[in-house]
């Protein structure tokens, strides 16, 4: 296929999907991206909205213009949302993004706007919770139930906001109020199906609700206790602990002995195995240094110290960085230097050792867990606890020596 020359920037390359036909010829992907983002961010005067100029420049100059076009053109929600912000149809604020019908697109754009200092920094988990709450309340009918759960949820929001002023929130701090609000929503719907309301709810209703469902229904306890104080429920109601509830039998937990540990580490060092570089690095940190995934994903690139002779990792600050023994050090070094594509949507200049797909964010522990599980290794909480115990029993250097002796 012959090469084309862009009439605007003189870039040469083979034509593919993102070269675009214009009156002056076939323009290259970068000029195409520049043209498209300039149109989208027009504030109505023929100029890019001044407030969004940093975003315009970041998108226009990103290393991979084809990736920018996939995001801008391939995602049907992004361009209209950007246009609404540019023209002022939507205020440029966190609140405007909270109620967007495409939460993932809005969350990704929010991270970009924060990264480029267009929106102020905020606690990501607090923002996610409030956006989730807005969508959840909008889905509740009738209005009486929606208003009741809104009052219940207000307490959760205030507590999370206060906590966020003192320290960053974690997924666990948000999971509980979400579970309790979902439980309240489900319980009110169940009451309606049984011809009852909060005001007419009897202890028999609660007993039946608990006895005929899974243990997750215990999450209703906070709502009913609060509701009694709010006078929405009769004051004498309680959620029992000791009723027989439906439970799914969990499969027996597997073991992970020393031989299995060495076999996995050998596989991680073998370039012929299917592990991608990121997953090799994550598994090595998990097994050698007994780190849970939540800690691994939160490691910054500065937590890995590289020099000509050794690699050290800070997994337990404020303690001294720990030496990564050979032959594992080259794997972590390679990963640090090749953390995957970091265009504007995949964390260009990411500070994280394990970048996520959203700007400025590291990969989520649940996402990494799901990915690692694809290798046939059950990365459950119990499994990780076993790995931690084994790692503490045998230091990383001893494991390296054992592997070396096995290979001889």
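The values are calculated or read from the model by the stated rules, or taken from the named source; none is laboratory data. Quick caveat: nothing in here was measured; it's all calculated off a predicted structure. Cβ atoms come from the backbone with ideal geometry, glycine included; neighbour counts cover every protein chain shown.
Numbers at a glance
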| item | result |
| --- | --- |
| Failed criterion for residue 9 (all others in (1) part of a loop (DSSP other than H, G, I, E, B); (2) within 30 Å of the chain's Cα centre (by Cα) hold) | (2) |
| Subset tally (residues that are assigned to a helix (DSSP H, G or I), touching a residue at least 24 places away in the same chain (Cβ under 8 Å) and within 25 Å of residue 48 (Cβ to Cβ)) for region 99-141 | 10 |
| Verdict on residue 94 being in contact with a helix residue (DSSP H, G or I) (Cβ under 7 Å, 6 or more places away or on another chain) and surrounded by fewer than 20 Cβ atoms within 10 Å (Cβ to Cβ) | yes |
| Output for region 290-313, where each listed residue is closer than 24 Å to residue 371 by Cα and either part of a helix (DSSP H, G or I) or in contact with a helix residue (DSSP H, G or I) (Cβ under 7 Å, 6 or more places away or on another chain) (or both) | 290, 291, 292, 293, 294, 295, 296, 297, 301, 303, 304, 313 |
| Yes/no for residue 26 being within 20 Å of residue 115 (Cα to Cα), modelled with pLDDT of 90 or more and in contact with a strand residue (DSSP E or B) (Cβ under 9 Å, 6 or more places away or on another chain) | no |
| First in region 149-165 and closer than 13 Å to residue 130 by Cβ, second anywhere and not in a helix (DSSP H, G or I), Cβ under 8 Å, 6 or more apart | 160/169; 164/123 |
| Contacts under 7 angstrom Cβ, first residue in region 260-273 being touching a residue at least 24 places away in the same chain (Cβ under 8 Å), partner part of a loop (DSSP other than H, G, I, E, B), 6 or more apart | 268/275; 269/327 |
| Residues of region 207-236 that turn out to be in a helix (DSSP H, G or I), farther than 21 Å from residue 178 by Cβ and under 35 Å from the mean Cα position of the chain (by Cα), as a count | 1 |
| Hey, residue 4 buried (at least 16 other Cβ atoms within 10 Å of the Cβ) and either touching a helix residue (DSSP H, G or I) at 6+ places or on another chain (Cβ under 9 Å) or modelled with pLDDT of 95 or more (or both) or not | no |
| Which listed residue is out of contact with any strand residue (DSSP E or B) (no Cβ under 6 Å at 6 or more places or on another chain), farther than 30 Å from residue 195 by Cα and surrounded by fewer than 18 Cβ atoms within 10 Å (Cβ to Cβ), from 139, 157 | 157 |
